[in-house]
Ligand code: 5GP
């Protein structure tokens with residue numbers, strides 16, 4: 001998606017440790033119009049699929065998924081939580097994920113009330129790097145007996161391999177911008193064409 005690539009070139013900054021910072025429009029300040037265009041792009045890509053639920057993970061996935069849901073017949077958006085809370089009552093599906101940005105393990109939790117057998121789920125997230133967060137969401141869907149219909153990602157860092165692993169495993173992964181390389185010294189960002 002050219003619009004997203006242009007925004008990354010314009011406002012993205014490359015940090016040491018293979019981190020791309022896009023706080024100006026995705027991870028801190030949110031450009032809702034851009035989110036809307038992203039939702040439209042995923043809706044076009046997944047047009048042939050039956051999708052009745054969108055699953056994402058807190059925090060940055062939530063805004064993107066809620067705007068995108070408008071393009072999927074207002075499908076309910078469920079976000080996996082990353083910490084236990086007294087608000088999380090009843091039975092839960094839980095798994096553990098290693099965080100690329102925080103460099104530690106954290107739980108990923110969804111109430112059994114909101115992820116069910118027979119659900120046809122679109123997974124959405126802001127970034128795909130090594131694929132750990134998505135594998136956690138896929139595990140939750142498997143535990144629930146839900147079908148993963150596809151995976152929509154805003155920014156995939158192609159050089160970290162998570163996206164290609166998921167594609168090789170048979171998942172339909174639609175990443176709107178795939179960064180092939182990025183250089184913290186020069187700030188140069190190359191996209192997969
Ligand atoms: P993965 O689990 O695929 O290794 O990493 C994906 C998760 O880590 C995303 O949910 C995202 O929050 C975070 N993440 C990974 N790489 C980056 C990055 O370069 N920039 C930002 N802002 N978040 C990232």
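Derivation of every value follows stated rules applied to the coordinates shown; laboratory data play no part. Since the structure is predicted, the reported quantities are computational estimates derived from the model, not experimental observations. Don't worry about glycine lacking a Cβ; one is built from the backbone with ideal geometry, like all the others, and counts go over all protein chains shown.
For the reader, a short list of remarks on this structure follows.
- Model label points for residue 165 and residue 120, set 7 angstrom from Cα along the Cα-to-Cβ axis, are 2.9 nm apart.
- Restricting attention to the chain, close to 40% of DSSP beta bridges with both partner residues there are antiparallel.
- Residue 23/residue 143 FRET efficiency (R0 30 Å; Cβ-Cβ; nearest 0.05): 0.35
- Separation of the stretch 102-154 and the stretch 60-78, taken as the distance between their Cα centroids, equals 14 angstrom.
- Working note: 222 nm ellipticity from helices only, DSSP H runs with n ≥ 4, each -39,500 (n - 2.57), summed and divided by the residues of the chain, gives -8500 deg cm²/dmol to the nearest 500.
- Relative to its residue count, the stretch 125-168 spans a Cα convex hull of 63 Å³ per residue.
- Of 72, 46, the sequence from fewest to most neighbouring Cβ atoms within 10 angstrom is 46, 72.
- Computed from the Cβ-Cβ distance with R0 of 22 Å, the FRET efficiency linking residue 83 to residue 33 stands at 0.10.
- Note on the chain: Cα Rg divided by 2.2 N^0.38 Å, N the number of residues, gives 0.98.
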